1. Please count how many residues of the stretch 262-277 are surrounded by fewer than 18 Cβ atoms within 10 Å (Cβ to Cβ) and either under 20 Å from Glu227 (Cα atoms) or among the aromatic types (Phe, Trp, Tyr) (or both).
2. Is there any pair with a first residue in the stretch 109-137 that is within 30 Å of Ala354 (Cα to Cα) and in contact (Cβ under 8 Å) with a residue 12 or more places away in the chain and a second that is assigned to a helix (DSSP H, G or I) and among the small types (Gly, Ala, Ser) whose Cβ atoms are under 9 Å apart and which are 6 or more apart or on different chains, and what are they?
3. Within the stretch 202-256, which residues are over 27 Å from Pro133 (Cα atoms) and assigned to a loop (DSSP other than H, G, I, E, B)?
4. Here are some conditions: (1) modelled with pLDDT of 90 or more; (2) farther than 13 Å from Ser217 by Cα; (3) open to solvent by 20 Å² or more (accessible area, probe 1.4 Å). Ile140 meets all but one. Which one does it not meet?
5. From the list Leu154, Leu121, Leu125, Leu174, which one is out of contact with any Cys (no Cβ under 6 Å at 6 or more places or on another chain), closer than 17 Å to Ala102 by Cα and of a type in the set (A, V, I, L, M, F, W, C)?
6. Consider only pairs whose beta carbons are under 9 Å apart and that are at least six residues apart or on different chains; among these, list those whose first residue lies in the stretch 217-232 and is basic (Lys, Arg) and whose second residue is modelled with pLDDT of 90 or more.
7. Return only the number of the condition from (1) modelled with pLDDT of 95 or more; (2) closer than 25 Å to Arg126 by Cβ; (3) surrounded by fewer than 17 Cβ atoms within 10 Å (Cβ to Cβ) that Gly210 does not satisfy.
8. Looking at (1) open to solvent by 30 Å² or more (accessible area, probe 1.4 Å); (2) farther than 30 Å from Leu158 by Cα; (3) not in a loop (DSSP other than H, G, I, E, B), which one does Pro259 not meet, given that it meets all the others?
Amino acid sequence: MSRTASERPARGAGQSRVPARPGPRGVPLGTLAFGEPERNGSDTQHRTPAEQGPGSALSGSITPGADTVGSVIPGAGPASGDGERATVRLRDAGPDDPPRYAPEWLQLREGADAVARSAELLDPLRIRLANLPGRSGVVIHDLGCGTGSMGRWLAPRLDGAQHWILHDRDPYLLHFAAVASPRAAADGSRVTVETRRGDVARLTPDALAGASLVTASALLDVLTRAEVEALAAACAGAGCPALLTLSVAGRVELTPAHPLDAEITDAFNAHQRRGGLLGPDAVTVAGEAFAAYGATVQVRPSAWRLGPEESELTAQWLRGWVGAAVEERPALKERAERYLTERLEACAARELSAVIHHGDLLALARPTGGTA
C-alpha cells in the first residue's frame, strides 16, 4: 500500500500523463492461506463509524483531498515508491511487485461500492443463514478485507450474532478494518471480529471449517480459472455459501461519448486477461465452477453509477483505466493522453458521468452435516 495522500508528492491538477503501469485491480486474493490469527478484540465490540467522528468511516485520517487530483492512488492505478504496503497477494511476488490497493483508494470507492452491491442477493442469503442447523450465530470469512468495507455494508443487513474473520496481508489495513467494524447486526445482535494476517497458499474445506459464509469484493476478475475452481471446491467441501461482489464486467458507458471509448475499453479488458486471469469473464466462469459442485448460483449487476458528485472517484478511475489500456497497447499512448486530458477536464467541470459495470455472485453450496 502507498502512504496516505498527504505523505506523497502530488502532481499538479492539470497533469494527465498516462501512467506507465496497470490500472484498477481488485484485491488479488486466490487460494488463501489462513495464517495464524492476530486477534484484535475478537471478544470486544468495536466502534461504529459514527462513534469515530465525522468525515470518515475509518479510524484515522485517510482523507483523499485536492492534493490527490493530479496523482494516481494505488489500486486506482499504478503505484511505486517507498512506504507502499502490499495487501493479500494472489501469488508469490518480488519486492518490486506493485501494491494493489491503498487505503485512501479503498475509502474513496467505498460509497460507490456500497450503492452498487446487489441488495437482491440478500434475501436468499438471509434464508440460508437463518436455516443453518445447530448454529447460534454465523461465522463470516472476509477474504482480502482491505479496510473492512464489506463488513460495514453486510453486517448491519443481516440478523443474528455474527463473528467476522478478516483476512489480509497488510496489518495496517487490518487495524482499520477491526476498529471500524460494525458492532451490531440488523436486529441489534452482537457483531465481533478477529483479524488474520497471511499470504495466499491453498484454500481447502478444512480452512473453512465452521464457516457460515465466505465474502469478498473485487476478487473474481483477478483469479485464473484454476483458482476459481479451487475456491468453488473449497466452499462446496465446507458446505459454505459465497457472496462475491463487484467483479469487473468489461463494459463502461461514459457520457458524453467519445470516439476512443470503445478502443480504450477493449485494450483495458485485454489487460485484465493477462497471464490467464479471468478479467471480464470472471462471473461467468465462477458461476459455472460453483454450479459444477452443485451450488445454486445467482448473479446480479452491480454497476458504479458516477455522476458529478463522484468526480474525484471518476478521475482516479479514469487514470487507472486509461493507464492499463496504454500498457496493454502502447500504440495508443499519444491519442490516449489527449483523451485522458479531455476526460479529466470534463470531470473537473462536472460534465462527465460514468457507468462502470460489475457483477455480484451468490453461490449457495449444498450444506454439509445437516439440511438447510
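The values are calculated or read from the model by the stated rules, or taken from the named source; none is laboratory data. This structure is a prediction, so every number in the text was calculated from the model and none was measured. For neighbour counting, all protein chains shown are included, and Cβ atoms are generated from backbone atoms with ideal geometry for every residue, glycine included. Note: accessible area is taken over every heavy atom of the protein model, side chains too, but ligands, DNA and RNA are not part of it. Shrake-Rupley method; radii C 1.70, N 1.55, O 1.52, S 1.80 Å.
1. If we filter the stretch 262-277 for residues that are surrounded by fewer than 18 Cβ atoms within 10 Å (Cβ to Cβ), which is where we start, we get 262-263, 266, 270, 273-276.
Imposing the further condition that a residue be either under 20 Å from Glu227 (Cα atoms) or among the aromatic types (Phe, Trp, Tyr) (or both) reduces the set to 270, 273-276.
The total comes to 5.
2. Arg109/Ser149; Glu110/Ser149; Asp113/Ser149; Ala114/Ser149
3. Correct list: Arg202, Ala218, Leu219, Leu223, Pro256.
4. In the conditions (1) modelled with pLDDT of 90 or more; (2) farther than 13 Å from Ser217 by Cα; (3) open to solvent by 20 Å² or more (accessible area, probe 1.4 Å), Ile140 misses (3) alone.
5. Details: Leu154 fails: closer than 17 Å to Ala102 by Cα; Leu121 fails: closer than 17 Å to Ala102 by Cα; Leu125 fails: closer than 17 Å to Ala102 by Cα.
Every option except Leu174 fails the conditions.
6. Once the first residue is basic (Lys, Arg) and sits in the stretch 217-232, its partners that are modelled with pLDDT of 90 or more give Arg225/Gly276; Arg225/Leu278; Arg225/Asp281; Arg225/Val285; Arg225/Ala289.
7. Failing condition for Gly210: (1).
8. (3)
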